[in-house]
Amino acid sequence: MLKPMNENYFCKPMTSNTLQKKIFLETYGCQMNEYDSELVRSILKKENFEFVVDELAADIVMLNTCAIREHAHRKVYGRVHSIRHARGQERPVMIGILGCMATNLRQDLLEDRSLKIDFIAGPDSYKRLPQLIQEASCDGQKSYDVTLSEFETYSDVYPSRQEGGVNAWLAVMRGCNNFCTFCVVPYTRGRERSRSPENIVDEVRRLAAEGFKQVTLLGQNVNSYCYDDHDFAYLMDEVSKVENIERIRFSSPHPKDFPDRFLDLMVANPKICKHIHLPLQAGNNRILDMMNRTYTNEDFLNLVDKIRTKIPNVALTTDVIVGFPTETDGEFEDTLEIVTRARFDSAFIFKYSERHGTIASKEYPDDVTEEIKTERIMQLNKIQKEITYQKNLAHVGETQTVLLEPYPEAKNKNLMPGRTDGNILVILPQGPYKGGDMIKVRITAATPHALKGQSV
Ligand code: SF4
C-alpha cells in the first residue's frame, strides 16, 4: 500500500543510530542530475550517511534517474532488477529512486511488485531524504515525496563534489516555463526559479579556493536566469570577476533568450568560453510549432548568423530530435538543410520517443515508425559527422589554449586529455603538466571526435 511520508506506520522506523547508513548512489542523465547527486551526498553526509563505491557493500542503493530519454528509463528498470538479483534473498538492500523519473513515474514505480522500491524522492525533495529513508526502514513500508516547489533552489546546500576536480557544475536556476511539447522537465522539475547572484558568486569563490579552474553554470533554461532585475549577462559578468576561475561555461540555453547584451559580453570577456550549445530540435516550421519551440527555422538561422558575426571563433553545438509525430520525409529534409547550413561543431541527435505526461504524449500519436526514425538518424549523423570532421580539420595548425582534465579520465596512461575554449577534446602526450593547467597546444591532427596536439 502506498503511503505518503508522515503518515502513521504500523512499525516503528529505525532511529538514526540503528539505521544502516552505507549508500551507493548511481546517476543517470544530464549534468543537472550529476549536480543534484552532489547535493544529495552533501545532505546525507551531514546526517552521517556514508557513500561507498562498492554496490554490494551498501545498505541502501539510490538511483538518480532521468526521464528525458527512453533508454535511461529502461536502463533504470533493468538496474533495479539486477541489484536485487545480485543480493539474493539473504542480503536485502533498500532501493530508492530519485530524480525526474521518480516524479514522472511515481505510481508505476511504487506499485510494480517486481521492483520493490522502498522510497522515492523528486528533485525538490532531497532535503527530506533522511526522513524518507528512515520511514522506509520499516519492513514492507514505502515512503515518497515528489512535491514540486516554487522556491527550492538548494542555495543553502554546498554540493559534495569530487576532490581534485577541474570543472565544477553549479545550478543557478531550476525548472522550466517553456513547455516544449516533448519534454517532461516542467512537470518533473516545476517552474523556473533562480538563485541570487550573491549566493552564486559566494559558491564560485569557494570553488576557486578549492582549486577548481572552470565553472559550468547550469539550468534547464539557463539563459532565462532572472533574479530581481538581474539577468544572465549580469550573472556571468559577476561570476567572471572571481579570481582564479579561468573559464566559465553554461548549459543549456534556449534560442529565445540571446539579447545582444549577452553576446557582447561573451565577446568582451575572455573568461567566458566561446561555445554555445544551441538546441535546434527540428528544422521544419510546422514541427517546431508542434514542439512549441517558439522560433522558426529562419529565426534560428538568423540567430546563428548573428552569433557568428559577433563571435567569429564561436563553437556551436546542438540537439536535434528526428521522427517527431507526423514528421514527413520532406519535413525531415528541412532539418537536414538547416543542419547543413548552420554547420554545427557537433550535435546530439535523438529519435523521438514519447514521454509520459507530456503534451505530445497526449495530443500526438507517435506515428513515425522505428525504421524511419533509424533511417533519419543515420542520415543526419552521417552529415553531421562529416561537418564535425571538417570543422576539426580546420583547427589543425592552430595554437589553442587547452585546459587539462584530471589525469584518471585518460584511458591511455601516456596521453592527457584537455578541452579547447570551444570545448573540443584534445589529446596530447603526457608532459610536465597536470589536470587544471592551462597550456598552449599546437593542433597536429584531427578525427571526427577529437583533436590531437603537442604542447608548445
Ligand atoms: S526548454 Fe523545452 S526542452 Fe528545455 S527543459 Fe524547458 S521544456 Fe524541456
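The values are calculated or read from the model by the stated rules, or taken from the named source; none is laboratory data. What you see is a predicted model, and the numbers here were worked out from it, not measured in a lab. Note that each Cβ is placed from the backbone with ideal geometry, even for glycine, and that neighbours are counted across all protein chains shown. In case anyone asks, the SASA skips ligands and DNA or RNA and just uses the protein heavy atoms, side chains included. Shrake-Rupley method; radii C 1.70, N 1.55, O 1.52, S 1.80 Å.
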| note | Subset of the stretch 181-192, residues assigned to a helix (DSSP H, G or I) and either near the ligand (Cβ under 8 Å from one of its atoms) or surrounded by fewer than 17 Cβ atoms within 10 Å (Cβ to Cβ) (or both), comes to Val185, Pro186
| task | Six or more apart or on different chains, Cβ under 8 Å: which pairs go from a residue in the stretch 172-197 that's of a type in the set (Asp, Glu) to one that's part of a loop (DSSP other than H, G, I, E, B) and open to solvent by 20 Å² or more (accessible area, probe 1.4 Å)? Could you list them? | result | Glu192/Asn177; Glu192/Gln220
| said: Cβ-Cβ under 6 Å, sequence separation 6+ or interchain: first residue in the stretch 135-161 and modelled with pLDDT of 95 or more, partner part of a loop (DSSP other than H, G, I, E, B). Which pairs? | reply: Glu152/Asp124; Thr153/Arg195; Ser155/Arg195
| message | Among the numbered criteria (1) closer than 19 Å to Asp421 by Cα; (2) crowded, with 20+ Cβ neighbours inside 10 Å; (3) β-branched (Val, Ile, Thr); (4) in contact with a Phe, Trp or Tyr (Cβ under 8 Å, 6 or more places away or on another chain), which one does Val239 miss? | response | (4)
| query | Only one of Ile200, Ile276 is crowded, with 22+ Cβ neighbours inside 10 Å and more than 16 Å from the ligand (Cβ to nearest atom); which? | reply | Ile200
| note | Flagged in the stretch 170-180 as in contact with a Ser or Thr (Cβ under 6 Å, 6 or more places away or on another chain) and either surrounded by fewer than 21 Cβ atoms within 10 Å (Cβ to Cβ) or on the phi > 0 side of the Ramachandran plot (or both), in numbering order, are none
| Within the stretch 18-32, can you find the residues that are buried (at least 22 other Cβ atoms within 10 Å of the Cβ) and assigned to a helix (DSSP H, G or I)? | Met32
| request: Only residues that are within 27 Å of Pro312 (Cβ to Cβ) and either among the polar types (S, T, N, Q) or open to solvent by 20 Å² or more (accessible area, probe 1.4 Å) (or both): list them for the stretch 410-421, please. | output: Arg419, Thr420, Asp421
| message | Restricting to the stretch 289-298, name every residue that is surrounded by 15 or more Cβ atoms within 10 Å (Cβ to Cβ) and not hydroxyl-bearing (Ser, Thr, Tyr). | response | Met290, Met291, Arg293, Asn297
| message | Considering only residues that are closer than 23 Å to Phe212 by Cβ and open to solvent by 50 Å² or more (accessible area, probe 1.4 Å), which ones fall in the stretch 428-456? | response | Gln430, Pro432, Lys434, Met438, Lys440, Ser455
| message | The conditions are (1) open to solvent by 70 Å² or more (accessible area, probe 1.4 Å); (2) more than 25 Å from Arg355 (Cβ to Cβ), and His81 fails exactly one of them. Which is it? | response | (2)
| task | Considering every residue within the stretch 193-200, establish whether at least one is assigned to a helix (DSSP H, G or I), modelled with pLDDT of 95 or more and within 21 Å of the chain's Cα centre (by Cα). | result | yes
| remark: Matching residues in the stretch 139-165 (part of a loop (DSSP other than H, G, I, E, B) and open to solvent by less than 10 Å² (accessible area, probe 1.4 Å)) number 2
| field | Tally, over the stretch 81-109, of residues that are of a type in the set (Lys, Arg) and closer than 19 Å to Ala67 by Cβ | value | 1
| remark: Over the stretch 251-266, the set of residues more than 16 Å from the ligand (Cβ to nearest atom), in contact with a helix residue (DSSP H, G or I) (Cβ under 6 Å, 6 or more places away or on another chain) and open to solvent by 20 Å² or more (accessible area, probe 1.4 Å) is Arg261, Leu265
